[in-house]
4 protein chains.
Amino acid sequence: MKREEALQYLKTAKGQVEAVIKMVEDGKYCIDISKQILASISLLKKANVKMLNAHLGSCVKNAIDSKNREDVDTKIKELGEIIEYLSKVI
Amino acid sequence: MKREEALQYLKTAKGQVEAVIKMVEDGKYCIDISKQILASISLLKKANVKMLNAHLGSCVKNAIDSKNREDVDTKIKELGEIIEYLSKVI
Amino acid sequence: MKREEALQYLKTAKGQVEAVIKMVEDGKYCIDISKQILASISLLKKANVKMLNAHLGSCVKNAIDSKNREDVDTKIKELGEIIEYLSKVI
Amino acid sequence: MKREEALQYLKTAKGQVEAVIKMVEDGKYCIDISKQILASISLLKKANVKMLNAHLGSCVKNAIDSKNREDVDTKIKELGEIIEYLSKVI
């Protein structure tokens, strides 16, 4: 299940961010810290892809199946907005 | 119309990439070139957001309105894939 | 101090990722979760910029001041590699 | 030479952006257009990495070799700024 997969990535990312914090506190080398921050970002990007795919495969599909015009329009509007936000952040 | 807006961004991006090529050929300063490359990327990201919003507002909406189950499923699958590709590229 | 600023961003990002995990476990809405994941990525990107600026302002400057040719070459090589990795991840 | 490699990527990117413009004008499918825009962005990111590596290997090295303190400081400041800008754009 895609939501479960997102959760796994998030938990791994959390452990990684904690490790990075310890690296900074222990005075580790900046470049090594930067690499680990980037690895955390990579995990969060994967979590986000899984979450949005979970969304498409459940919430969006359900809205379409419900034939509730307003609900479908909201889902489409939200997708457009999240793609825009995604493109700004990453 | 969002497709028209995407086209405008693309045309501006093309002019910008041409200007960057000239900067490299004229031996301009690397950092200035890098800034202009990044500005071109920024324009292309905006073009892409407009294009995907055009897609949501027309192709996806039409598929939903057609009540063609297979077409809707294809549209949802494609959206998931393009979000994944987008997250890899940028 | 830039390393301190990076640490603050990292600690905030850690709290945010923990909150996102709770959101997933509590069955919150996918789009809201996605937005919070993207906000966490944004914080980590800022932490990374601070860390690389800390690196330039201390490690790289010290290597240059030491006039140790080998050390300077290593620093330059590392910077090139981290910029390449950064461009792949984000 | 890295500047030459950057130029090649830029020229390929230019051709790709031109092809994308034609796709939009010819009314091609949004998702196919989006994929080609993302491919153009990918090329420009590679051009940028090459350009910044060219910068590190020539301008920055020359500044260090010149032992001109002010010039070195400028180069370091610029690198910090371009990394920050890079992280905002992509």
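Laid out as a table, the results:
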item: B:LYS28 over 23 Å from A:VAL72 (Cα atoms), more than 7 Å from chain D (Cβ to nearest Cβ) and not in a helix (DSSP H, G or I); result: yes
item: Number of positions in the stretch C:51-69 that are surrounded by 13 or more Cβ atoms within 10 Å (Cβ to Cβ), without any contact (Cβ under 8 Å) to a residue 24 or more places away in the chain and either outside any helix (DSSP H, G or I) or of a type in the set (A, V, I, L, M, F, W, C) (or both); result: 6
item: Boolean, B:VAL20 is assigned to a helix (DSSP H, G or I), among the hydrophobic types (A, V, I, L, M, F, W, C) and within 18 Å of D:VAL49 (Cα to Cα); result: yes
item: Pairs where the first residue, in the stretch C:1-23, is at the interface with another protein chain (Cβ under 7 Å from one of its Cβ atoms) and the second is among the basic types (Lys, Arg) and part of a helix (DSSP H, G or I), C-beta under 8 Å, 6+ apart; result: C:ARG3/C:LYS50; C:ALA6/C:LYS50; C:LYS14/A:LYS14; C:VAL17/A:LYS14; C:GLU18/A:LYS14; C:ILE21/A:LYS11; C:ILE21/A:LYS14
item: Filter result for D:ILE33 (at the interface with chain B (Cβ under 10 Å from one of its Cβ atoms) and crowded, with 21+ Cβ neighbours inside 10 Å); result: yes
item: Single unsatisfied condition, A:LYS77 versus (1) of a type outside the set (Ser, Thr, Tyr); (2) facing chain C (nearest Cβ under 10 Å); (3) loosely packed, with under 14 Cβ neighbours inside 10 Å; (4) assigned to a helix (DSSP H, G or I); result: (2)
item: For A:LYS22: the one exception among (1) at pLDDT 95 or above; (2) crowded, with 16+ Cβ neighbours inside 10 Å; (3) not polar (S, T, N, Q); result: (2)
item: So B:VAL72, is it within 7 Å of another protein chain (Cβ to nearest Cβ), buried (at least 16 other Cβ atoms within 10 Å of the Cβ) and under 24 Å from C:GLY80 (Cα atoms); result: no
item: Qualifying positions in the stretch B:36-69 - more than 7 Å from chain D (Cβ to nearest Cβ) and of a type in the set (Val, Ile, Thr); result: B:VAL49, B:VAL60, B:ILE64
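To keep it simple, each residue is scored yes or no on (1) over 12 Å from the mean Cα position of the chain (by Cα); (2) more than 19 Å from C:ILE33 (Cα to Cα); (3) not acidic (Asp, Glu).
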site: A:ILE31; (1), (2), (3): yes, yes, yes
site: A:SER42; (1), (2), (3): no, no, yes
site: A:CYS59; (1), (2), (3): yes, no, yes
site: A:LYS75; (1), (2), (3): yes, no, yes
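The values are calculated or read from the model by the stated rules, or taken from the named source; none is laboratory data. If you're wondering where the values come from, they're calculated on a predicted model, not measured in any experiment. Heads up, the Cβs are rebuilt from the backbone with ideal geometry, glycines too, and the neighbour counts pull from every protein chain shown.
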